[in-house]
Every structure is written in structure tokens, then in C-alpha cells.
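Novice: Starting off with a structure, shown below.
Bear in mind these aren't lab numbers, they're just calculated from the coordinates by the rules spelled out. From a predicted model like this one, the values you see are computed outputs, not experimental measurements. Cβ sites come from the backbone with ideal geometry, for glycine too, and all protein chains shown count toward neighbours.
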Amino acid sequence: MSSTDRINAMGTRNMLPLIVSMAIPAVCANVVSALYTFIDRFYVGHFVGRDALGSIGLVFPVTNLTSALTIMLSIGGSALLSGALGEKNMDKANKAFTNICAMSVLLAILISIAFFLFAEPLVILCGGTRSSALYGMAVTYLRITSIGRFFMIVNLALAAAIRSEGNTKYAMFVTMAGALINTVVDPLLIAVLHMNLAGAATSTVISQFLSCLLSVQYFVRGKGVFRWTGRAAMDARVMLRVAALGAAPAVFQALSFFNNTLINHSLVVYGDAALGAGGGDLALSAVSVISSVESFAIMFVMGLNNALSVIISYNYGHRLFDRVKQATLTGQLIATASCVVVWAMMMFFPRQLFLFFSVDTALADYGVRALHLGKLFIFGLGTQTLASMYYSAIGQPKRALLISLSRNGLFLIPSLLILPPLIGLDGVLCSSSISDGCSLILVLLMYGYGIRELKQKPALQNPIME
């Protein structure tokens with residue numbers, strides 16, 4: 001299928017086959033992308049130990065900052081590019097592409113340098129203490145992976161542009177290639193060469209570099225529909241528009257940095273008080289495993305999110321509002337079903353999930369309680385994420401931002417400040433469930449209102465479906 005055919009299919013093809021064809025590559029790419037951390041934690045947990053596993057979890061809030069930038073570029077860039085394609089305006093699309101590329105390189109340089117130079121204060125900010133067994137390993141891991149963050153940010157921005165033109169298979173390939181390389185190199189450096197945690201970090205950098213290389217050559221060789229139009233096309237207004245359209249999901253991740261940092265500090269303080277010396281490190285390790293499991297649900301939803309945002313933006317730009325409604329509701333059904341499956345695993349098979357990462361029985365014992373208290377409403381994750389994306393995709397970033405703030409700010413921060421002093425360590429975990437439940441109610445109300453608004457818009461007659 002040519003690039004033109006792929007683009008036109010977003011406005012003409014039957015919706016379910018279209019979503020499946022675009023979402024499967026994006027979901028596979030994102031799920032495999034989650035393997036970067038998942039594989040690190042698996043091998044580290046089995047070959048290095050519980051403390052090393054906890055050290056990766058300790059710096060997880062920093063990963064949220066990187067994710068916030070990549071999501072801003074991916075969602076905001078995709079919305080702008082897809083909208084321009086829907087308007088049949090290639091000059092606008094190429095200008096947007098040029099500015100997205102420039103933004104990705106600039107942000108990637110700043111993040112990589114900052115994380116390398118300020119690794120020690122960042123680890124302390126995330127909840128680490130110099131006396132902790134996790135501190136030194138966390139600093140080492142953060143410094144090495146800071147190099148790979150440059151390639152990761154650029155790669156994900158380019159992959160989003162590739163998806164925007166409908167070539168989801170290649171976007172999937174570039175992401176999966178890096179993760180699969182990491183799968184092979186990780187055990188070699190950790191278990192064979194005995195590089196331990198440094199080996200896990202080095203493997204991640206190698207795989208991210210090679211994955212980025214594949215995305216760059218796609219455009220250098222002229223395979224894509226978008227073209228770099230030079231420095232003259234750079235426009236601060238376009239960059240700000242990309243940032244605005246991607247602000248809601250980016251704020252969601254940026255708030256995760258603050259929240260996870262607050263959670264880490266609370267786990268250390270209340271974990272030592274409730275479980276004795278070293279209890280904070282044990283609690284951090286348990287939450288590290290939980291975040292690995294949760295990441296698969298998040299990455300599945302974000303992959304679906306990336307594919308749907310392109311479809312929704314294209315059809316909204318074409319004023320095909322019936323197709324916009326059909327796309328968003330179908331996506332919600334798929335996302336909810338997937339999150340229910342993850343919720344069921346967490347609720348009914350928690351011990352097995354922990355023993356997969358480590359044979360440490362103390363970790364598994366505490367982890368079961370942590371899962372049951374902290375992830376009661378994880379089944380609503382897809383609803384919240386896709387509702388925020390919907391408003392970003394149709395050019396209403398303020399509503400999208402409010403939805404994102406509700407889960408990671410409006411309800412979670414007060415819960416984290418109130419509950420732990422009252423009920424201790426359990427309060428840290430219950431805060432997440434309370435926030436998820438309250439946010440889900442608010443999001444359902446806002447999303448329902450948005451769908452009713454969509455019905456009132458005058459639409460063009462739909463093209464004949466394939």
C-alpha cells in the first residue's frame with residue numbers, strides 16, 4: 001500500500017479493521033518497548049539481587065520525566081501531522097515535521113546532560129539516601145542510561161511521525177528491534193560478563209542507539225511522506241502548538257514524577273517504621289515489581305492511544321464526526337478489556353507475579369499486600385488515558401489536561417499527604433486506589449459530555465467504506 005493509500009484509508013476504511021491494523025503494530029511496539037525495563041528487572045532480580053531491583057525502581061520517577069517529553073512530542077506531533085494530512089496540506093505537515101525534529105534533538109540533549117551531571121541529587125530527590133544499599137547502584141544506573149535517553153527521545157519522536165503517515169508496521173519495527181536487541185545483550189552483560197547492574201544499563205543504551213538509527217535512516221533515505229524543510233521553517237509557534245496538543249498526557253507523566261518521588265520517600269519512612277530496618281528498601285523493591293507489571297497495561301493502552309489519536313485527528317480534521325465517535329468508543333472498549341485482564345492478574349495471581357521477578361519470599365509476601373491495596377481500580381486506566389487523548393486529538397488540550405491532572409494530581413497528592421500519617425505504610429498504597437477511583441468517576445462524566453457534544457456537530461457525509 002502506498003503512502004497516499006495509507007493516509008486515505010484513515011477516512012474510508014471500516015473502523016474496526018482500521019483500528020486493529022494500526023493499533024497492533026503500535027501496541028506491539030509499545031509493549032516490546034516496556035521490555036527494556038522489564039528485562040532489566042528480570043535479570044537483575046535473579047542474578048544481582050533484591051537491592052539492585054529496588055535501585056531501578058528508585059530512579060523510576062526520573063523515567064517519568066523522559067516519558068513526559070516523549071509523549072508530548074508523540075501525541076502533540078501526531079495530532080498536528082495527522083490534522084495537516086487530513087486537510088491535505090503538505091506544506092503545513094512538512095513544517096510541523098521539521099519543528100518536531102528540532103524539538104526532539106534539543107530536548108534530548110538537555111535531558112541527557114542533566115541526568116548525567118546531576119545523577120546523585122536526582123537519586124536523593126527520588127527518595128534515596130546515601131546510607132541506603134540502593135543509593136550507589138541507582139546513581140550508576142542513572143548515569144549510564146542518561147546516554148541512551150538522547151537516542152530514545154529522538155527515536156520515539158520520529159516513530160510518531162512514521163505512524164502519522166499510516167506506516168505503523170515500520171514504526172513497530174524500529175521500536176521492537178531495539179527491545180529485542182536488549183533481550184539478547186542484557187543476559188550477556190549481566191550474567192556472562194558479570195557487569196551486574198551496569199550491564200543492564202549498558203545494554204539499554206546499545207539497543208536504544210540502534211533503534212534510533214533505524215528511524216533516522218527511514219527519513220534520510222526518503223521513504224516517508226514528510227520532508228525536512230530546513231532551519232528557515234523552524235517556528236516557535238509551531239513548537240508551542242505541539243507542546244499544547246501533547247500537554248495533557250505529558251503532564252500526566254510529569255506529575256507521575258512528583259507523585260512517585262513522594263511515594264518513594266513515604267515508602268522509605270513508613271516502610272522502616274512498619275517493617276523494621278531495611279523495610280523501606282523492601283517496600284521500594286516491591287513497588288518496582290508492581291510498576292513493571294503495570295507498565296504492560298500502560299504500554300498496551302498507550303500503543304492503542306497512539307494509533308487512535310492519528311485516526312481521530314485525521315477524521316476530525318475531515319469533519320467526519322461519526323467516524324470520530326466510532327473510533328473513540330471502539331478504542332475505549334478494547335482498552336478497558338485489556339486493563340480488566342491485568343487487574344485480574346494482580347488481584348488473583350499476585351504471588352506468582354512477584355516470584356517471576358525474584359525468588360525472594362519476603363519480597364513476594366509484602367508484594368501481595370501492596371498489589372491488593374494499591375491497584376484496586378487499575379481497570380480504569382484505559383478509560384482515563386484514552387479520554388485525555390481524545391480531547392488532545394480534537395484540539396482541546398485544556399480538557400485533556402484536566403483529565404490528566406485528576407488522576408495524578410487532584411486526588412493522588414492530597415491522599416498521599418493525608419493517609420500515610422494516619423494509617424502508616426498501608427496509607428501510601430491505598431492513596432493510589434483512592435485517587436484512581438475518584439478520577440475514574442470524573443473522567444467518565446467529562447468523556448460522556450464530550451461524546452454528546454460530538455453528536456451536535458454538523459458533519460460531512462461519510463465516504464463509502466471499503
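Novice: Can you compute the helix-only [θ] at 222 nm over the chain? Use -39500 (n - 2.57) per DSSP H run of at least 4 residues, normalise by all residues, nearest 500 deg cm²/dmol. Please list the in-between numbers first.
Specialist: On the way: 19 runs with 382 residues, N = 466.
The helix contribution divided over the chain gives -28000 deg cm²/dmol.
Novice: Compute, for the stretch 41-118, the length of the dipole vector about the Cα centre, with Cβ point charges of +1 (Lys, Arg) and -1 (Asp, Glu) only. Units Debye, rounded to 20.
Specialist: The calculated dipole for the stretch 41-118 is roughly 60 debye.
Novice: While we're on this one: Can you find, among Gln253, Thr168, Ser266, the residue sitting farthest towards the positive end of the charge dipole of the stretch 159-285, where Lys and Arg contribute +1 and Asp and Glu -1 at Cβ?
Specialist: Thr168
Novice: On to the next question. Given the C-alpha centroids of the stretch 135-204 and the stretch 263-337, what is the distance between them in whole angstrom?
Specialist: Spelled out, the Cα-based centre of one part sits 20 Å from the other.
Novice: Give me Val31, Val105, Val242 sorted ascending by neighbouring Cβ count inside 10 Å, so fewest comes first. Working shown, then result.
Specialist: On the way: Val31 21, Val105 14, Val242 25.
The order, fewest Cβ neighbours first, is Val105, Val31, Val242.
Novice: Still on this structure, please answer the following. Which one, Gly86, Gly331, Val310, is farthest towards the positive end of the dipole of the stretch 3-455 when Lys and Arg carry +1 and Asp and Glu -1 on their Cβ?
Specialist: Gly86
Novice: For Cα pairs less than 8 Å apart in space and 6+ apart in sequence, what is the mean separation divided by the residue count of the chain, i.e. the relative contact order in percent? List each step's numbers first, then the result.
Specialist: Details: 799 pairs, mean separation 116.4, N = 466.
Computed over the chain, the figure is 25 percent.
Novice: Of Asn182, Met389, Leu442, which is farthest on the positive side of the dipole of the chain, counting Cα position, with +1 on Lys and Arg Cβ, -1 on Asp and Glu Cβ, and the Cα centre as origin?
Specialist: Met389
Novice: With only Lys, Arg, Asp and Glu charged, each at its Cβ (+1 for the first two, -1 for the last two), find how big the charge dipole of the chain is about the Cα centre; round to the nearest 20 debye.
Specialist: Once rounded to the nearest 20, the dipole reads 1460 debye.
Novice: Which helices of the chain meet both criteria: a Cα extent of 20 Å or more along the helical axis and a mean Kyte-Doolittle score no lower than 1.0, with helices taken as whole DSSP H segments?
Specialist: Numbers: long enough: 15-47 (46 Å, 1.35); 60-86 (38 Å, 1.26); 90-117 (41 Å, 1.45); 135-164 (41 Å, 1.09); 168-187 (30 Å, 0.83); 196-220 (37 Å, 1.16); 247-275 (39 Å, 0.87); 279-317 (54 Å, 1.12); 321-348 (40 Å, 0.96); 425-455 (47 Å, 0.91).
Qualifying helices: 15-47, 60-86, 90-117, 135-164, 196-220, 279-317.
Novice: Order these by the 10 Å Cβ neighbour count, fewest first: Val27, Val216. Write out the running numbers ahead of the final one.
Specialist: Details: Val27 24, Val216 15.
Lowest to highest Cβ neighbour count: Val216, Val27.
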